[in-house]
Structures are given as C-alpha cells and as structure tokens.
Amino acid sequence: MPYFKQPKHLQSLMLLQWPLSYLAMFWILQPFFIYLLFTSLWPLPVLYFVWFFLDWKTPEQGGRRSAWVRNWCAWTHIKDYFPITIQKTKDLSPEHNYLMGVHPHGLLTFGAFCNFCTEATGFSKIFPGITPHLATLSWFFKIPFVREYLMAKGVCSVSQPAIDYLLSHGTGNLVGIVVGGVGEALQSVPNTTTLILRKRKGFVRTALQHGAHLVPTFTFGETEVYDQVLFHKDSWMHKFQSCFRSIFGFYFCVFYGRGFCQGSTGLLPYSLPIVTVVGEPLPLPKIEKPSQEMVEKYHTLYMDALCKLFDQHKTQYGCSENQKLLFL
C-alpha cells in the first residue's frame, strides 16, 4: 500500500490539533513541573509559578505576541498541506479597529488558525498596519505554558475585558471572534453551511461601544476536512458530549479523516483547499450604551453582509449555486 503522499507535513499537522494540542501539553508539562518540585531543580517551577501569578492579567491586556513564533516554518508546512489561503476583498485602514466574525467554527478551526495566528499566508503583507488577534476560550490562559504559546501567536481571551482592551488601546487592532463558538462544532459536517448566529449579538454590542468596524469572513472548506459522527439528541453519547462541554468548555466530537496510508482512515485531515475570504468592513458609530434596537439593526446588516459575501464566492470555492447560509 503506498504511503501518504506528504509525510514531511505530518509532524507539523500534529501542532495544529487545537484545542487537542493544548490538552496534550497540559497533561505532559504540568505533571513534569510538579515532579521537579521534589528534585534539586525545584527553584525552576517555583520561579515560574511565581511569575505566572504576577503575570496573570497579561492575557487580558493585549497579550505578548512573538513575530518569531508566528513565523515558524511548521506553519508553512501546515498551510501547504491543505493548502490554506486568505483572500482580501477590501483594504483595512490602520486608522480603525475591527471586530471580525469568523465563520464557520469547523472542528479545529484550521483556516482561522493559519491565517490569523501565523504569518504562513502573509497576513501582514496583505493587510499592512493591522494587528490580528484571534479570541479563544478564556480558561486556556489559566494553563501554564499553554498561555505563553497562545499569546506568542497573538491569540487573546474571548473575555469581555480582553476584547475591550484591544479595541480601546490604539488603532489597527483586529479581533477575530468565532461567533458560533464551540456549539457550531457539532454542525461541522461536509456539505453544510449552518451557522449559529441569529441569537449571537453580543459582538455587535461590543463593536458599537467601541466604534469598531465589523468585518464578516467566511472560510470555505473548513467543514470539509473531517467527517463527523453525529448522535441523536436523546442518545447517551449526545448527553455525554453536553456534559463534557459543561466541564471543559468545548464538545467531545467524534470525527475522522485519513490515515497515514492512502485509502486508510485516521485522524489526519483530508488535504482539501481551505480559503478564508475577508469581507468589506461595516462601519459602526460609537455608542457607549447602544439600545437593543440599534444592536438589532447592525446585527441584521452584518448577517446580510455575510450572506452577500458567501453568495459572491460560493461557486468559486466548491459550493453549488443554490446553496444558502442557514442561521440558527
């Protein structure tokens, strides 16, 4: 049986299995540092944990990004494997701040990770003067070492204080929020375009409070790289998934892709193109206390802009002419 055609990318792909990679790092590094407490190297973990608590608020105050980490060659291998690309439809002026809706979540958010957390697809050259931040679950920043890895790539907490800080300190900041959240992961199956958005309006209220422009994006191919086993809502497995989410903050999804050999099944994603299309920014007024009617107005305008963006590019990236976005 022939071997997988791109073996040089396999090691890099393992780095991309987030949030699974975060959990792996947690289980490996945390016990190791506890072990060091009982050795002659005990000052190392003690010093780190002292600094960890002194540095507790940094993830909510802009983080600590590293150009070196964002330019690791591993990210280029990941980008080439699918491949992953980003398409600009309009320029983003460095004179404004932006709140970007990332759709869809998919299972492991490959497109958003590669395009906004690394320089593999050339974000800084495509959008000069713009500093991207992708928001993720807040509790990841409470895990030693994982928080350093995330901040180095420009990832920020999805908490309100963290987003408020970025949108109120300077200009040229772009904060990406996967609006559908982890709940959208269960909607991630091939040939579907279902988004959890209709009742998600908090990001619009935040954008209004800061006068940040809303930027719709859609990543074509994100839901195609894995197959997922879906369970009936009355099944014990679905109840287990809900319980798992209540504890850890994300769903325990049962998914599969390809294996290391041609024709085999495994946990590697299918090597299918992923394209993130960044839409035209929607200007918003700055209103300290926006009314519900104002939030509804711009939420509707945002959904319309997202639909327009999808319809303009769907046939170019593998969707049928009659395929529509479905909002839940």
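What follows is calculated from the coordinates using simple rules that are stated; it is not laboratory data. Treat the numbers as computed from the prediction; the structure is a model and nothing was measured. All Cβ positions, even for glycine, are placed from backbone atoms using ideal geometry, and neighbour counts span all protein chains on display.
Can you list residues from other chains, or at least 5 along the same chain, whose modelled amide H is less than 5 Å from the amide H of Asn97?
Gly172, His213
Can you give me the span-like helices of the chain, meaning DSSP H runs with 20 Å or more of Cα extent along the axis and Kyte-Doolittle mean at or above 0.0?
On the way: long enough: 20-36 (25 Å, 1.58); 292-313 (32 Å, -0.55).
Those that pass (Cα extent of 20 Å or more, hydropathy at least 0.0) are 20-36.
When the helices in the chain are scored as -39500 (n - 2.57) per DSSP H run of 4 or longer and the sum is shared across all residues, what 222 nm value do you end up with, to the nearest 500 deg cm²/dmol?
-10500 deg cm²/dmol
Of Tyr302, Tyr48, Tyr317, which is the most mobile in a GNM of the chain whose springs link Cα atoms less than 10 angstrom apart?
Result for the chain, Cα springs under 10 Å: Tyr48 fluctuates most.
Can you tally the net charge around Leu107? Count Lys and Arg as +1, Asp and Glu as -1, for every other residue whose Cβ sits under 15 Å from the Cβ of Leu107.
-2
Compute the longest continuous run of the chain that contains no exposed GluC sites (Glu not before Pro); treat a site as exposed when its DSSP state is not H, G, I, E or B and it has at most 11 other Cβ atoms within 10 Å.
With a cap of 11 other Cβ atoms within 10 Å, the longest stretch comes to 96-287.
Quick one: net charge around Val215, please, counting Lys, Arg +1 and Asp, Glu -1 for every other residue with C-beta under 15 Å from its C-beta.
-1
Considering every pair of different Cα atoms, what Kirkwood radius, in Å, is found for segment 169-328?
17.9
Please report how far the C-alpha centroid of segment 79-121 lies from that of segment 141-211, rounded to the nearest whole angstrom.
A separation of 13 Å, based on Cα centres.
Tally Lys/Arg at +1 and Asp/Glu at -1 over every other residue whose Cβ is under 9 Å from the Cβ of Tyr270; what's the total?
Within the 9 Å Cβ shell, the charges total -1.
Looking at the square roots a ≥ b ≥ c of the eigenvalues of the Cα gyration tensor of segment 103-216, which shape do they give, rounded for a/c under 1.5, prolate if a/b is larger than b/c, or oblate? If you can, show how the numbers build up before the last one.
Values: a/c = 1.31, a/b = 1.17, b/c = 1.12.
It is rounded, given that a/c, with a ≥ b ≥ c, falls under 1.5.
Mind telling me which of Gly63, Gly106, Gly129 comes out most flexible in a GNM of the chain, alpha-carbon contacts under 10 Å?
Gly129
Could you work out which residue, out of Val155, Val50, Val295, moves most in a Gaussian network model of the chain, that is, has the largest mean-square fluctuation with Cα springs under 10 Å?
Val50
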